[in-house]
1. If a residue must be part of a loop (DSSP other than H, G, I, E, B) and either at pLDDT below 95 or surrounded by 15 or more Cβ atoms within 10 Å (Cβ to Cβ) (or both), how many such residues does segment 344-359 contain?
2. For residues that are farther than 14 Å from residue 3 by Cα and within 14 Å of the ligand (Cβ to nearest atom), tally how many sit in segment 107-131.
3. Looking at residue 30, is it surrounded by 21 or more Cβ atoms within 10 Å (Cβ to Cβ) and near the ligand (Cβ under 8 Å from one of its atoms)?
4. Quick check: anything in segment 343-357 over 22 Å from residue 13 (Cα atoms), within 16 Å of the ligand (Cβ to nearest atom) and either in the same structural domain as residue 61 (by TED's automatic domain parsing) or of a type in the set (Asp, Glu) (or both)?
5. Within segment 127-142, how many residues are under 16 Å from residue 28 (Cα atoms) and more than 26 Å from the chain's Cα centre (by Cα)?
6. With the condition kept exactly as written, say whether any residue in segment 188-206 is surrounded by 14 or more Cβ atoms within 10 Å (Cβ to Cβ), under 20 Å from residue 361 (Cα atoms), within 14 Å of the ligand (Cβ to nearest atom) and of a type outside the set (D, E, K, R).
7. Exactly one of (1) aliphatic (A, V, I, L, M); (2) within 16 Å of the ligand (Cβ to nearest atom); (3) farther than 25 Å from residue 185 by Cα is unmet by residue 57. Its number?
8. Quick one: would you say residue 41 is surrounded by 14 or more Cβ atoms within 10 Å (Cβ to Cβ), β-branched (Val, Ile, Thr) and away from the ligand (no atom under 11 Å from the Cβ)?
Amino acid sequence: MKVAYIGAGPMALFSAHYLLSNKADIQVHIYEKTSKIGRKIYSSGNGRGNISNINVAPQKYNHPDFVSSALRFTPIDFINYLQQNGILTTIDEEGRVYPYGEAAAIIGDWLRDDLLAKKVVFHLDTEVISVTPYKSGYQINNDEYFDVVVFATGSRAGIPQNQVSYGMSSILKTLKLKTVELIPTLASIGVKQKLNPIDGRRLKAKVSLVIDQEPAYTTKGEVLFRADALSGIAIFECSSILTWKRIEKIGNAYIELDLLPDVKDSELTSFISQAKKQAGTEYLRGLFHPDVAHFLSRHVILKPDSKDIAYQLKHWRLLVDLGYVAENNQVFSGGLAIEEIDSHTLQLKRFPHLFAGGEMVDVDGLCGGYNLHWAWSSGVLIAKSISNI
Ligand SMILES: Cc1cc2nc3c(=O)[nH]c(=O)nc-3n(C[C@H](O)[C@H](O)[C@H](O)COP(=O)(O)OP(=O)(O)OC[C@H]3O[C@@H](n4cnc5c(N)ncnc54)[C@H](O)[C@@H]3O)c2cc1C
């Protein structure tokens, strides 16, 4: 049997590895439009490789029912699998899984070298622009014939604009496959307030997302201020929820920041009343970076009573700019519609022997290893389905 993967991202690499480890008599080809194998693996987790999360569960994704069968390959399965292959992992307090050596390259290099050793044929710098049903399989670029084809084209997130191409979208159009609009996610959230004086400042906060007056999500973590946006891991998490709800059309949303989540209201009130006596108008200087303290006291704290100040520091509301287009997104929500795919096999319902997984499918998860875990686990399910043909 001849199998072609379109795209050399984590989904395709792990799927091909899993397939060949269990069934060596299959001939695998991987087409990749760039010259790099597994590019995004290397940039994950800022180069440390946040490869999974121990808290993976269907509810952490936009389509919980659809992902549940693929998620049978759990983070523990993945950790054990890596260990059997000589790679040790470590887990941080948020459940994020990293290679013990804290280098994403450990995973990328392992998969690349393993597939080369297994005699996989890589067609690098080769964009696939057509997939045509032919006999019981498919012809790629009107050239080579394959019994099985796997769509593994991911998304353009993290790829410089001048290197983006649209070969896959024209293939989906030609095959008349339904797609869902792509929206950047795991990204900054635009806000209406101007934050120029604190652009680049960071702090740890409790972050709540409120959509149409309903609490939608709460988390704790680093917030990075930008002139017209909020960024950082906690904000990325909120951006997923905002994206998933935005598809249902929302009226308004705000982010509420508790800037001192570990200090109780009563303690903060008495601390501030004492600080006011000692430092006058600079009463926030013992709590925040000077730029942040200055900005808060001039632009955020509008009621000067110390009880109100404590409340305002713990409930700073920033109105979300729903028209803001994030550019630094790690993932796109949307892609090949899940209605087109059998969730038990990841085979396309209308095209036998054609499979799809990873980010090119309309599946995305929260920040913290969930998206790579979807890539690995959907890859395993596809490998198992191909083995059963
Ligand atoms: C900067 C950054 C950091 C990230 N960090 C994390 C993290 O720490 N943890 C986490 O879980 N997730 C992270 N992600 C998300 C994660 O990397 C992706 O969800 C994951 O890589 C998706 O895997 P994939 O194999 O489906 O697609 P991709 O990794 O997008 O790979 C698809 C491949 O297909 C190729 N391709 C596309 N079209 C064609 C075509 N027509 N012909 C031939 N080749 C084609 C592309 O060039 C690409 O190499 C990060 C993403 C970015 C951008």
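The values are calculated or read from the model by the stated rules, or taken from the named source; none is laboratory data. Here the structure is a predicted model, which means the values were calculated and not measured. Don't worry about glycine lacking a Cβ; one is built from the backbone with ideal geometry, like all the others, and counts go over all protein chains shown.
1. Residues flagged as part of a loop (DSSP other than H, G, I, E, B) and either at pLDDT below 95 or surrounded by 15 or more Cβ atoms within 10 Å (Cβ to Cβ) (or both) within segment 344-359 amount to 5.
2. Qualifying residue count, segment 107-131: 11.
3. no
4. The answer is no; no qualifying residue exists.
5. Total meeting the criteria: 4.
6. No, segment 188-206 contains no residue that is surrounded by 14 or more Cβ atoms within 10 Å (Cβ to Cβ), under 20 Å from residue 361 (Cα atoms), within 14 Å of the ligand (Cβ to nearest atom) and of a type outside the set (D, E, K, R).
7. (3)
8. no
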